[in-house]
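Contents: one structure, followed by commentary.
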């Protein structure tokens with residue numbers, strides 16, 4: 001049974017190196033060599049990370065002669081964003097309840 005897209009996306013995002021790669025690509029298209037430069041790992045290891053990101057649909061890789069550009073595909077994050085949004089509403093509601101409770105406690109303290 002193939003994994004669902006959301007699971008593949010979160011698996012790709014679970015690694016800090018891959019998140020750093022995505023952050024770098026948010027500034028624009030970058031060659032694989034340039035993406036690999038800040039990491040203390042081999043080019044094949046970086047390529048493995050790129051493969052995971054590409055399989056998740058988070059990046060695309062091109063080939064223009066000797067240049068291998070990578071591009072962020074931010075639209076692939078929409079499914080994860082939508083899923084997380086439901087939990088954001090939950091936490092905001094919880095924080096609002098906590099705020100009201102703390103205000104009532106402070107109000108009672110002031111009356112004393």
Exercise for review: Among the residues of region 58-76, count how many are modelled with pLDDT of 95 or more and over 12 Å from residue 29 (Cα atoms).
Suggested key: 1
Review point. Is there a residue being within 20 Å of residue 4 (Cβ to Cβ), assigned to a helix (DSSP H, G or I), out of contact with any strand residue (DSSP E or B) (no Cβ under 7 Å at 6 or more places or on another chain) and in contact (Cβ under 8 Å) with a residue 60 or more places away in the chain anywhere in region 83-93?
Key: yes
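Would you be able to tell me the number of residues in region 63-74 that are surrounded by 10 or more Cβ atoms within 10 Å (Cβ to Cβ) and without any contact (Cβ under 8 Å) to a residue 24 or more places away in the chain?
So in region 63-74, the residues surrounded by 10 or more Cβ atoms within 10 Å (Cβ to Cβ) come out as 67-74.
Going one step further and asking which of them are without any contact (Cβ under 8 Å) to a residue 24 or more places away in the chain, we end up with 73.
Here the count works out to 1.
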Study note, to complete from the structure: By residue number, the members of region 16-26 that are closer than 18 Å to residue 67 by Cα and either without any contact (Cβ under 8 Å) to a residue 24 or more places away in the chain or exposed (fewer than 13 other Cβ atoms within 10 Å of the Cβ) (or both) are 24
Exercise for review: State the number of residues belonging to region 53-62 that are touching a strand residue (DSSP E or B) at 6+ places or on another chain (Cβ under 8 Å) and surrounded by 18 or more Cβ atoms within 10 Å (Cβ to Cβ).
Suggested key: 3
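The values are calculated or read from the model by the stated rules, or taken from the named source; none is laboratory data. Note that the structure is a prediction, hence the values are computed from the model and not measured. Here Cβ is always computed from backbone atoms with ideal geometry, including for glycine, and neighbour counts include all displayed protein chains.
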